[in-house]
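S.K.: Sending over a structure as structure tokens; questions will come in a sec.
No lab work stands behind these numbers, since they all come straight from the coordinates. These numbers come from a predicted model, not from an experiment. Every residue, glycine as well, gets a Cβ built from its backbone with ideal geometry; the counts of neighbours run over all protein chains shown.
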């Protein structure tokens, strides 16, 4: 295990050309270019590697966008999270009912 280079554990490392690799300890200092490839590594894999190298990976294997979204969710009061989850469950149920109506109709 290399504390400085957790990206070597990524199965896509040898074929990847992502300039802002979420498994690079210095990725937060880099800027994404318009023609850069996206990270090919599956998010759960990145998170697992991120946990293993949590001392050197600022975003714990997540992209900046994923980290910002996670932080935003984590910072919400519990009551607000519950309201959002209830609203999402209601929307999910509405969509399921519509799909069933289309399939049965």
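S.K.: Can you tell me the orientation of helix 43-52 relative to the chain, as the angle in degrees between its alpha-carbon axis and the longest Cα principal axis, to the nearest 10?
M.R.: Value to nearest ten degrees: 50.
S.K.: Something else about it: For the chain, with a Gaussian network of springs between Cα atoms less than 10 Å apart, report the residue from 15, 72, 34 with the top mean-square fluctuation.
M.R.: Of 15, 72, 34, the most mobile in the Gaussian network model is 34.
S.K.: Report the calculated FRET efficiency for residue 58 and residue 89 (r = Cβ-Cβ distance, R0 = 30 Å), to the nearest 0.05. Write down the numbers at each step before the final one.
M.R.: Details: r = 33 Å, r/R0 = 1.11.
The formula returns an efficiency of 0.35 here.
S.K.: How tilted is helix 64-75 with respect to the longest principal axis of the chain? Cα atoms for both, answer in degrees (0 to 90, nearest 10).
M.R.: So the inclination is approximately 50 degrees.
S.K.: Shifting gears a bit: Taking Cα centroids, how far is the stretch 1-41 from the stretch 42-105 in Å?
M.R.: 22 Å
S.K.: In degrees, nearest 10, range 0 to 90: what is the angle between the Cα axis of helix 78-104 and the longest Cα principal axis of the chain?
M.R.: 60 degrees
S.K.: When the helix-only estimate is applied to the chain (DSSP H runs of n ≥ 4, each -39,500 (n - 2.57), divided by the residue count), what is the mean residue ellipticity at 222 nm, nearest 500 deg cm²/dmol?
M.R.: -15500 deg cm²/dmol
S.K.: Per the Kirkwood definition applied to all pairs of different Cα atoms, how many angstroms is the hydrodynamic radius of the chain?
M.R.: Result for the chain stands at 16.3 Å.
S.K.: Taking the alpha carbon gyration tensor of the stretch 1-62, what are the square roots of 5 times its eigenvalues, largest first, to the nearest whole Å?
M.R.: Working: eigenvalues 61, 33, 20 Å².
For the stretch 1-62, the ellipsoid semi-axes come out as 17, 13, 10 Å.
S.K.: With label points built 7 Å along Cα→Cβ from the Cα atoms of residue 73 and residue 99, find their separation and express it in nm.
M.R.: 2.0 nm
S.K.: Return 65, 30, 46 ranked ascending by Cβ neighbour count within 10 Å, so the fewest neighbours appear first.
M.R.: The order, fewest Cβ neighbours first, is 65, 30, 46.
S.K.: Which residue fluctuates most in the GNM of the chain (Cα springs below 10 Å): 29, 66, 51?
M.R.: Highest fluctuation among the options: 29.
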